[in-house]
Protein chains: 2
Amino acid sequence: MKYFMEPESVALIGISRKSGPGSFNLMENMIRFGFSGKIFPVNPNSTEILGRKAYPDIKAINEKIDLAVISTPRETTLGILEDCVVAGVKAAIVVNQGFADADTVGKALQQGMSEIAKKDGLRILGPNTLGVINNYNDFTTSFMPMTKEQVPIGLICQSGIFFVGAREFSRNIGKGIDIGNACDVGFCDALKYLGEDPEIRVIAIHMEGLNQGKKFLELAEKIVKEKPVIIYKTGSSERGAEAAISHSGSMAGNYQVYMAALKQTGVIFIEKDGQMVHAVKTLLNLPTMKGDRVAVITFSGAAGIMISDSLERHGLKIASLSPETIESVAKLSPEWMPLGNPLDIWPAVMLHGTEKAYSMALEAVLKDRNVDGVVCVAIGPENEFSFLDVSEVLKGVREKLPDKPVAAWIYGPNSGEIGERFESTKKIMAYPTLDAVSWSLSILKDRHEVLARNGKL
Amino acid sequence: MKYFMEPESVALIGISRKSGPGSFNLMENMIRFGFSGKIFPVNPNSTEILGRKAYPDIKAINEKIDLAVISTPRETTLGILEDCVVAGVKAAIVVNQGFADADTVGKALQQGMSEIAKKDGLRILGPNTLGVINNYNDFTTSFMPMTKEQVPIGLICQSGIFFVGAREFSRNIGKGIDIGNACDVGFCDALKYLGEDPEIRVIAIHMEGLNQGKKFLELAEKIVKEKPVIIYKTGSSERGAEAAISHSGSMAGNYQVYMAALKQTGVIFIEKDGQMVHAVKTLLNLPTMKGDRVAVITFSGAAGIMISDSLERHGLKIASLSPETIESVAKLSPEWMPLGNPLDIWPAVMLHGTEKAYSMALEAVLKDRNVDGVVCVAIGPENEFSFLDVSEVLKGVREKLPDKPVAAWIYGPNSGEIGERFESTKKIMAYPTLDAVSWSLSILKDRHEVLARNGKL
């Protein structure tokens, strides 16, 4: 994978002379992303592209080439790959569609690519891929613009939608590998690479089909002991499985069998779109959760009921708070206030102010031996009600008591902005729904069990 | 309910002399909201509050008073309500907590309130409520700031969180009634009012417990024939039900029994927080869906697989597109492209541009007799890739062919902004996940069945 992720020299075959909006010029994108290695454009109709000398074909370059990125019509691909072998290229990415994702001709062409890889030792990524992104090396082969941010998130996917739609799926990508139709480089290569990479702390995988099932399971089992692995397996429905075969040409396989086997390895399994983004930030930033007992601090009794419903839905429990915890909040509350868990602190807020009431409550539950994790329900108020914003004071409490996960749900006109404030120091994570809060805590409990089982605590 | 929602004169009992941030002064909030009727502040320690003459008690006012809003310590409440009866007040809102939501004293006080309402004909809303909001009359009794917008959305809730957190639950509120602990005014009164209100086209309800079950069911059955009714019933878990009793003092009741009975009336039942906001905008803006056959147009094969999974999860099907539809997209696609549903138009986009390919595909599926509803997967690109933004062209197509619902999911760096553009003319609604898209279409199918069953098509 090294030649894909950290190449020193790259040949771009079939690169367009057009640049700017609408050209999808991956050379332009690669330069803009900051790649500092050598770039050799290959286009028989040009002598210069974007200020660099262009070559008629890869054999004409006569320099060491780590990686070739090929974006030419499908019928030319096999010939070009053979030229790459001759030119001593180490790795190739085939960007175009029209292979196992298409008709019988395409399937035969892809078969040919697999054979070249096997026979001649050229590693091939794709076809039908945006290639790779490596934010630790300022490198990408994507023809769509990518966000630059060094985050310890490794992504493996079978579709460019996870690159372009990073905002929806993993928020950011530190290092990403789109295996596309996976004619050669597959999940095992990519997982092994990211598993061994010390810069990557969480691995998120989008999987349509899986060929090397046994090898992958063994690898996953080993890697989950060191870092969390999240798998979003699509194609669970009958039509989804059919579509998976037509999309990446891969067998989507039997969902139930995969799910059972992969779950036993300790990976976090995702079934719905929208969950991966929560899983990634949760596992990256929050401590694992030792048990299933959750304390809830809320401005609203109604939200306490909603979170109770969703905690139960995700296999967690409302903790029985210790008498000391109850007492510390009771001191601030009116005498008539029935206190328990969820801990409704609105009356205390009205009497003693938001910061005092909320910080005392959070400190009490974080110290409570009957509590494994905490949910904070908070308000994202309009600006003139900013005294209701508890993000700063709660981050302070959490800093002093870092062992238990704290997840927040924020409601109100500025919930988005206040959510970002909660997350700014990565001590408390905020989620758009209480259901997402509960699910996220549940995977922290699952993760804790995996680490415990493997003696990693 | 008229005296609560459209009062001409209001007495505010126990109003603070403090105003500005942190004072939670509902008089200040009411004036700022634009209420044009008479306001009589009542506070024995002041002669003037916010520039208006203050009265020592309600009996001293000597004018016709439609509504009294009471925010005084609980032990004073019964006496004040009796004064209201003497003063001929029509309706009263008791804002404070500490009644059936609290201890035995509080329960007895609330019982006393119910008796006053029954005996003396004074209608009482609350206790433990923010009261009401009426955006068609610039009126609110909430001490928290409320958003001003005339939307045909009616809300009934048992907690102020649905007022303050409108962004999360219903986005906006046209007319809202927080029944709180419901000592007198309950779900039936509120539902009847909003059901008969021609300005309200969708009713969203948050329900912890329900006393007048039979009457409510009959009412709901009648109203759902005219407008959609959404119920988010909380307290489904054991602990949630316990918490419901402690919160609003109401019996959360047997979830399963409610659910079965209410579902049969044709209400849209919600189980998770985060769904109400989708349900409200879906039922308000999109046409109902005649059947379960959904066409998907996508830039991404992977997204097509994901949506197939989620459609099946929510009881919908991938439509079998007619040969004409396939043909119209095939004309724009490479020869090798396998076309079906989901309809992957990326190759067509690369060849013919985004607008042409996407608008032709949408027109074809909207005209296809095998299709009941449509999902559009689209990109929210960075500014320089704005040619990939199809919001305007799709809205245009939808305008010409308005009979089937079109729901969009947008991914990419500007997905939020492009989502708003999609929704700007209310012809296409955008959702944060494909799962939410599928669920939202499924309730449009449910709604269609209710209307069909009742001969309302």
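For the stretch B:268-304, a residue qualifies if it is farther than 23 Å from B:G165 by Cα and more than 10 Å from chain A (Cβ to nearest Cβ), and the qualifying residues are B:L286, B:P287, B:T288, B:M289, B:K290, B:G291, B:D292, B:R293, B:V294, B:A295, B:I297. Please work out if B:V257 is farther than 23 Å from B:K90 by Cβ, more than 12 Å from every other protein chain (Cβ to nearest Cβ) and modelled with pLDDT under 90. Yes. Select from the stretch A:330-372 the residues that are at pLDDT below 95 and among the β-branched types (V, I, T) and write down the one among them that is farthest from B:A241 (Cα to Cα). So the residue we want is A:T354.
Reported count of residues in the stretch B:331-347, each being within 21 Å of A:R239 (Cα to Cα) and more than 8 Å from every other protein chain (Cβ to nearest Cβ), is 4. Pull up the stretch A:305-330, narrow it to residues that are closer than 20 Å to A:I379 by Cα and over 30 Å from the mean Cα position of the chain (by Cα), then point me to the one that is nearest to the other protein chains (Cβ to nearest Cβ). So the residue we want is A:I305.
Taking the stated definitions as given, is B:S438 among the polar types (S, T, N, Q), in the same structural domain as B:I305 (by TED's automatic domain parsing), assigned to a helix (DSSP H, G or I) and touching a Leu at 6+ places or on another chain (Cβ under 8 Å)? In short, yes.
When every residue of the stretch A:147-165 is checked against the conditions, at least one turns out to be assigned by TED's automatic domain parsing to the domain that holds A:D178, of a type in the set (A, V, I, L, M) and either surrounded by fewer than 24 Cβ atoms within 10 Å (Cβ to Cβ) or part of a loop (DSSP other than H, G, I, E, B) (or both). Scanning the stretch A:96-121 for residues that are within 14 Å of chain B (Cβ to nearest Cβ) and part of a loop (DSSP other than H, G, I, E, B), we see that the one that is farthest from A:V185 (Cα to Cα) is A:D103. Flag: B:I116 matches the condition of being hydrophobic (A, V, I, L, M, F, W, C), touching a residue at least 24 places away in the same chain (Cβ under 8 Å), in contact with a helix residue (DSSP H, G or I) (Cβ under 6 Å, 6 or more places away or on another chain) and not assigned by TED's automatic domain parsing to the domain that holds B:A241. What's the total number of residues in the stretch B:356-379 that are within 14 Å of chain A (Cβ to nearest Cβ) and either assigned to a strand (DSSP E or B) or more than 23 Å from A:E168 (Cβ to Cβ) (or both)? Of the residues in that region, 5 qualify.
In the set A:K107, A:K119, only one residue is under 31 Å from the mean Cα position of the chain (by Cα) and surrounded by fewer than 24 Cβ atoms within 10 Å (Cβ to Cβ); that residue is A:K107. Residues that are in contact (Cβ under 8 Å) with a residue 12 or more places away in the chain, surrounded by fewer than 22 Cβ atoms within 10 Å (Cβ to Cβ) and part of a helix (DSSP H, G or I) within the stretch A:192-224 comprise A:K192, A:Y193, A:G195, A:G213, A:K215, A:L217, A:L219, A:E221, A:K222, A:I223, listed in sequence order. Scanning the stretch A:185-218 for residues that are more than 18 Å from the chain's Cα centre (by Cα), at pLDDT below 95 and of a type in the set (A, V, I, L, M) gives A:L210, A:L217. Residues satisfying the criterion are present in the stretch B:225-235 (criterion: hydroxyl-bearing (S, T, Y), without any contact (Cβ under 8 Å) to a residue 40 or more places away in the chain, closer than 27 Å to B:Q111 by Cβ and not in a strand (DSSP E or B)).
Does A:I443 satisfy the criteria of being away from chain B (no Cβ under 14 Å), touching a residue at least 40 places away in the same chain (Cβ under 8 Å) and not basic (K, R)? So A:I443 fits the description; yes. Return yes or no: is B:L351 over 30 Å from the mean Cα position of the chain (by Cα) and more than 8 Å from chain A (Cβ to nearest Cβ)? Spelling it out, B:L351 is indeed over 30 Å from the mean Cα position of the chain (by Cα) and more than 8 Å from chain A (Cβ to nearest Cβ).
State yes or no: is B:L130 touching a helix residue (DSSP H, G or I) at 6+ places or on another chain (Cβ under 8 Å) and more than 14 Å from chain A (Cβ to nearest Cβ)? It is false that B:L130 is touching a helix residue (DSSP H, G or I) at 6+ places or on another chain (Cβ under 8 Å) and more than 14 Å from chain A (Cβ to nearest Cβ). In the stretch B:1-58, the qualifying residues are those that are of a type in the set (D, E) and within 24 Å of B:E149 (Cα to Cα), and the one that is surrounded by the most Cβ atoms within 10 Å (Cβ to Cβ) is B:E28.
Conditions tested, residue by residue: (1) at pLDDT 95 or above; (2) of a type in the set (D, E).
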| residue | (1), (2) |
| --- | --- |
| A:P381 | no, no |
| A:E384 | no, yes |
| A:L394 | yes, no |
| A:R398 | yes, no |
| A:P402 | yes, no |
| A:I410 | yes, no |
| A:P413 | no, no |
| A:G419 | yes, no |
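The values are calculated or read from the model by the stated rules, or taken from the named source; none is laboratory data. From a predicted model like this one, the values you see are computed outputs, not experimental measurements. Note that each Cβ is placed from the backbone with ideal geometry, even for glycine, and that neighbours are counted across all protein chains shown.
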